[in-house]
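What follows is a set of notes on a single structure, which appears directly below.
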Amino acid sequence: MKPDVICLMASSVDGRTLPSRWRPKGSGDLFEQVHEQLGGDAWLIGRVTGQEFAKGAAYPAMTSERFPRENWIVRRDARAYGVVLDAQGKICWGRADIGGDPIVVVLTEAVSDAHLAGLRSEGVSYIFAGRSQLDLAVVLDVLARELGVKRLLLEGGGGANGAFLRAGLVDEFNLVLCPAMDGAKGAPSVFDSPESESDQRAPITSMTLESSTALAGGALWLRYKITNGPSAPAQASHG
């Protein structure tokens, strides 16, 4: 059964998500506060966002070992998991958890044995969700079956968010709207797409405002229920 997918993002009033560019500066820890209140079994980010948490330099380029393309789970008893889309296996972690949440990397079967050896050496769990492209519906199915995830917090970046949205897989959208402006080109946004998918639209048929909560410093927490219609196949490359 598909987990509930709850997208959570913080943005400036003009929809940008890089706080270092915002003026006035500072949004505090509002995102983390809402994250805790939503209480997911797991949270998911894309490769670019995931790279920001990596501490390693590079895994060895070669290995004599051969690994079956089967899910490899180190821990099944965690309170929450940090799930990272890394289709081609580009992130060298140098760690096995983020903030105490075990890392689970989502790969395609095209990943190298050397990369799998690197992940295993660090105790980083991984699952497979496609041959050469990630099938996002399969990602959700595997997380539910392997780890019992019922409530997944989708937390960026814009590419990962957009792929789930266009696939009709987002059930709820939570936005922490911060009293700041970016005001210039080039900053990432809440939802994005590659050029090849720029003409695709999300199959959303309705959005219902469930709640609007005033937060510290003039920020707002907007919570929308999303209703989706039929969608295209849920595939994404994600690096």
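The values are calculated or read from the model by the stated rules, or taken from the named source; none is laboratory data. As the structure is a prediction and not an experimental result, all values here were calculated from the model. Note: ideal-geometry Cβ built from the backbone for every residue, glycine included; neighbour counts use all protein chains shown. Heads up: the accessible areas ignore ligands, DNA and RNA and are worked out on the full protein's heavy atoms, side chains in. Shrake-Rupley method; radii C 1.70, N 1.55, O 1.52, S 1.80 Å.
Sequence-distant contacts, meaning Cα pairs under 8 Å at least 6 residues apart, place the relative contact order of the chain at 29 percent. For K55, give me every one of the aspartates and glutamates with a C-alpha distance below 12 angstrom, ignoring sequence neighbours fewer than eight places off in its own chain. Cα-Cα hits under 12 Å: D97, E122.
Taking the 1.4 Å solvent-accessible surface of the chain as the whole, the part contributed by carbon and sulfur is 51%.
For segment 156-229, the equivalent ellipsoid built from the Cα gyration tensor has semi-axes of 23, 19, 8 Å, listed from largest to smallest.
Normalised Debye scattering of the chain at q = 0.08, 0.15 Å⁻¹ gives log10 I(q)/I(0) of -0.30, -1.05, counting only Cα atoms as equal scatterers and leaving out solvent.
With a cut-off of 11 Å between beta carbons, the residues surrounding V48 carry a summed charge of -1, where Lys and Arg count +1 and Asp and Glu -1. Just so you know, the Rg over Rh for segment 87-151 is 0.96, from Cα atoms, with Rh as the Kirkwood radius.
As a calculated quantity, the FRET efficiency between M207 and K150 at R0 = 30 Å, using C-beta atoms, amounts to about 0.85. Our estimate of slack between S121 and D199, defined as 0.36 nm per intervening residue step minus the Cα-Cα distance, is 23.9 nm. Gain on full extension, evaluated as 0.36 nm per residue between Q37 and M181 minus their Cα-Cα distance, stands at 49.3 nm.
Taking each residue as 0.36 nm, the span from R66 to A114 lengthens on full extension beyond its C-alpha to C-alpha distance by 16.4 nm.
Per residue, the average separation of C-alpha pairs within less than 8 Å and at least 6 apart gives segment 102-239 a relative contact order of 27 percent.
Average accessible surface for the chain: 48 Å² per residue, computed with a 1.4 Å probe over protein heavy atoms with every protein chain in place.
With the whole protein complex present, L220 retains an accessible surface near 70 Å², based on a 1.4 Å probe.
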